[in-house]
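Report on the following structure.
The values are calculated or read from the model by the stated rules, or taken from the named source; none is laboratory data. Not measured: the values here are computed from a predicted model. When we count neighbours, we look across all protein chains shown, and the Cβ atoms used for this are built from the backbone with ideal geometry, even at glycine.
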Amino acid sequence: MPEWTLNVSPAQVRVLVSGYQSWSEAELRPLTERQAVPLMPWRHQQGHDPAFLPSGEAGVWRSHTLLALIRPDGGGWVGCALDATRTFTHWEACARGEQVRVTCTLEGPPVEVAWEETADVIATVERLSARLGANMHARTPAPLRVWCSWYSYYRDVTLDAVLDNARLARELTLPFDVFQLDDGFQADLGDWLEPGAHFGGHARDLPAPLSDLGFTPGLWLAPFLAGPTSRLFRDHPDWMLRGEGGSPLPVGHNWGGPYFALDTTRPEVLDWLRELTATVRGWGYPYLKLDFLYGAALPGVRHNPGVGRAQAYRQGLQALRDGAGEDTFLLGCGAPLASSIGLVDAMRTGPDVAPLWDDESRRLWLGDATGPSARNAVHTALSRWYQHAWYQPDPDVMIARRERSLLGDEERGTLLGLLDVVGGLRASSDPIALLDAPGLDLLRRSLEISAPDRPVTLAESLGGAVTHFTRGTFNLLNEPAGGGQPPRSYRVRTGE
Ligand code: 9PG
């Protein structure tokens, strides 16, 4: 276990942490502050790595894959794993009197890890993350513009609702590339090939009319999960990840109850995963959003105990890629970040956006910033700006509508700023019929592809995230910032 002692006062240092999976928190915080850990143990599985949780202690910060410590002059230290195919790399920075102690622990086979002192942390983070991306043959195709059914229809989505939006998008010549059906079409969690009763059709009937309208059909799956009432679980209880007692291990709580995960060290599970993505590809879906992927990487008892968590995850994802083929666009979500490089084309790099700014009671009282809110999505996705070297980042949807939303103009502007600065995928879930002329204008602006921006400093932050970019500054605080920038806003930098 490599360990370094830095002769720097902890009070002088900020820490940049990356988080484990899409929804985990990434932050830029004073080292002496406290890294929050969710109060509710069942949130540990769903938003974090339960085998390496946030510390919950002031002055102790944990990070996966990459860690940076920043001095007030912008110099500091950066550590980064240079391979993540079979190994999780765990970093911890710890304030110790007038020193900082950093440790790096590997879970899996040994890999090369970089540790550098630098005069320019921003440049070093970018260089090392690019090395990791290159080592793992990162896929970074052109960003796509996606309409997704989730953030307005949620699980009540119907086939007609998707088609109505697609027709209207075509009439209004909205520049979407993909129309993607999200959660809600399937009979049960795991029973992807049978339709749910309320969906009003079958998912395999959507690609033809969408293609006729000129859109690429997209489909959501949570391929590593199985619900307790699903046929998948009933037919194959032995395929599930198990607990120490030998029974299937519940791995989270959503869809009204607990659910289970597939054991991807079983050859028959890998066959089933290959068959699944091959089947939906055959239905006419060359774009797949693969969600809740963390399920395959959870601690548990596996069929082949010689395969570690990181490797088990990777071989499950590889099976999905093999079934889908090289020419299918795969978006990872709820996924261990670095372990997915080279297999996914794009990755959600933050928690879900929601039509509200903040869920303060959950975030502050329960210590859980992985839940859906505009603030949580912006905070984390901005703090992962360097990950465009790993895949196309997806900071989640713009919400341009004013109806059915609690967001104000400044907050909508912050979401627009996020998309511009991150420079990855563009997405919207707005029911297009709800948008008036200003709403449509905002939606069109949010679909304009941009090149990723870079931070100007990591030695300052307005709200615990990376907030100062060359094109503009985010104020994520609930109070005005210096120069009178309003709370929860984005301001484009003027030429002064
Ligand atoms: C569909 C949704 C959408 C969305 C995904 C994901 O931790 N959680 O409890 C949790 C639940 C759902 C969730 C994220 C986190 O949303 O990010 O875009 O596809 O699933 O169910």
Query raised in the report: Do we find a residue being within 24 Å of A142 (Cβ to Cβ), buried (at least 19 other Cβ atoms within 10 Å of the Cβ), at pLDDT 95 or above and outside the structural domain of F329 (by TED's automatic domain parsing) anywhere in the range 412-425?
Result: no
Query - Boolean, V344 is in contact with a strand residue (DSSP E or B) (Cβ under 6 Å, 6 or more places away or on another chain) and assigned to a loop (DSSP other than H, G, I, E, B) - result: yes
**Report entry** The lone exception for G484 - which of (1) out of contact with any Asp or Glu (no Cβ under 8 Å at 6 or more places or on another chain); (2) in contact (Cβ under 8 Å) with a residue 12 or more places away in the chain it fails
**Finding:** (2)
Report task. Output the residues belonging to the range 336-363 that are crowded, with 24+ Cβ neighbours inside 10 Å and more than 26 Å from V111 (Cα to Cα). Result -> G350, P351, V353
Query raised in the report: Do any residues in the range 334-361 that are in contact (Cβ under 8 Å) with a residue 24 or more places away in the chain and more than 19 Å from V397 (Cα to Cα) have Cβ atoms under 6 Å from those of residues that are of a type in the set (V, I, T) and more than 14 Å from the ligand (Cβ to nearest atom), where the two are at least six apart or on different chains, and which pairs are they?
Result: A338/T65
Query raised in the report: Do we find that F199 is over 30 Å from G371 (Cα atoms) and hydrophobic (A, V, I, L, M, F, W, C) in this structure?
Result: no
Requested in this report: Considering every residue within the range 80-91, establish whether at least one is of a type in the set (G, A, S) and either assigned by TED's automatic domain parsing to the domain that holds K289 or within 24 Å of E116 (Cβ to Cβ) (or both).
Outcome: yes
Requested in this report: Please work out which residue is surrounded by the fewest Cβ atoms within 10 Å (Cβ to Cβ), limiting yourself to the range 265-281 and to residues that are among the hydrophobic types (A, V, I, L, M, F, W, C) and within 13 Å of F224 (Cα to Cα).
Outcome: W272
Query raised in the report: Right, V378: part of a helix (DSSP H, G or I) and on the phi < 0 side of the Ramachandran plot or not?
Result: yes
Report task. Tell me which residues, restricted to the range 346-395, are farther than 20 Å from P487 by Cβ, of a type in the set (A, V, I, L, M) and within 16 Å of the ligand (Cβ to nearest atom). Result -> A346, M347, L366
Report summary line: In the set S18, S9, the lone residue that is farther than 19 Å from L337 by Cβ, more than 16 Å from the ligand (Cβ to nearest atom) and in contact (Cβ under 8 Å) with a residue 24 or more places away in the chain is S9
Query raised in the report: Considering T103, T32, which residue is hydroxyl-bearing (S, T, Y), in the same structural domain as R14 (by TED's automatic domain parsing), at pLDDT 95 or above and not in a loop (DSSP other than H, G, I, E, B)?
Result: T103
Query raised in the report: Pick from the range 215-264 the residues that are surrounded by fewer than 21 Cβ atoms within 10 Å (Cβ to Cβ) and among the polar types (S, T, N, Q): which of them is nearest to D322 (Cα to Cα)?
Result: T216
Requested in this report: Looking only at the range 76-85, decide whether some residue is touching a residue at least 60 places away in the same chain (Cβ under 8 Å), surrounded by fewer than 22 Cβ atoms within 10 Å (Cβ to Cβ) and closer than 25 Å to L382 by Cβ.
Outcome: no
Requested in this report: Tell me, please, whether a residue that is more than 16 Å from the ligand (Cβ to nearest atom) and either more than 27 Å from R314 (Cβ to Cβ) or not in a helix (DSSP H, G or I) (or both) can be found in the range 153-160.
Outcome: yes
Query raised in the report: Which pairs have Cβ atoms under 7 Å, sit 6 or more apart or on different chains, and link a residue in the range 260-283 that is assigned to a loop (DSSP other than H, G, I, E, B) to one that is among the basic types (K, R)?
Result: D263/R302; T265/R302
Requested in this report: Please indicate, with yes or no, whether at least one residue in the range 396-411 is within 15 Å of W23 (Cβ to Cβ), under 11 Å from the mean Cα position of the chain (by Cα), within 16 Å of the ligand (Cβ to nearest atom) and surrounded by 24 or more Cβ atoms within 10 Å (Cβ to Cβ).
Outcome: yes
Query raised in the report: Restricting the range 170-225 to residues that are small (G, A, S), at pLDDT 95 or above and more than 27 Å from the chain's Cα centre (by Cα), which is nearest to D156 (Cα to Cα)?
Result: G200
Report summary line: Filtering the range 263-304 for residues that are more than 16 Å from the ligand (Cβ to nearest atom) and of a type in the set (S, T, Y) leaves a count of 4
Query raised in the report: Of all residues in the range 197-214, which are more than 16 Å from K289 (Cα to Cα) and either in contact with a Pro (Cβ under 8 Å, 6 or more places away or on another chain) or crowded, with 19+ Cβ neighbours inside 10 Å (or both)?
Result: F199, G201, H202, L210, S211
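Results for (1) in contact with a strand residue (DSSP E or B) (Cβ under 7 Å, 6 or more places away or on another chain); (2) touching a residue at least 40 places away in the same chain (Cβ under 8 Å), shown as yes or no for each residue.
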residue	(1), (2)
D212	no, no
F215	yes, yes
A222	no, yes
D235	no, no
W239	yes, no
G245	no, no
Report summary line: When the range 47-70 is checked residue by residue, the ones that are surrounded by fewer than 24 Cβ atoms within 10 Å (Cβ to Cβ) and either within 16 Å of the ligand (Cβ to nearest atom) or in the same structural domain as A377 (by TED's automatic domain parsing) (or both) are P50, L53
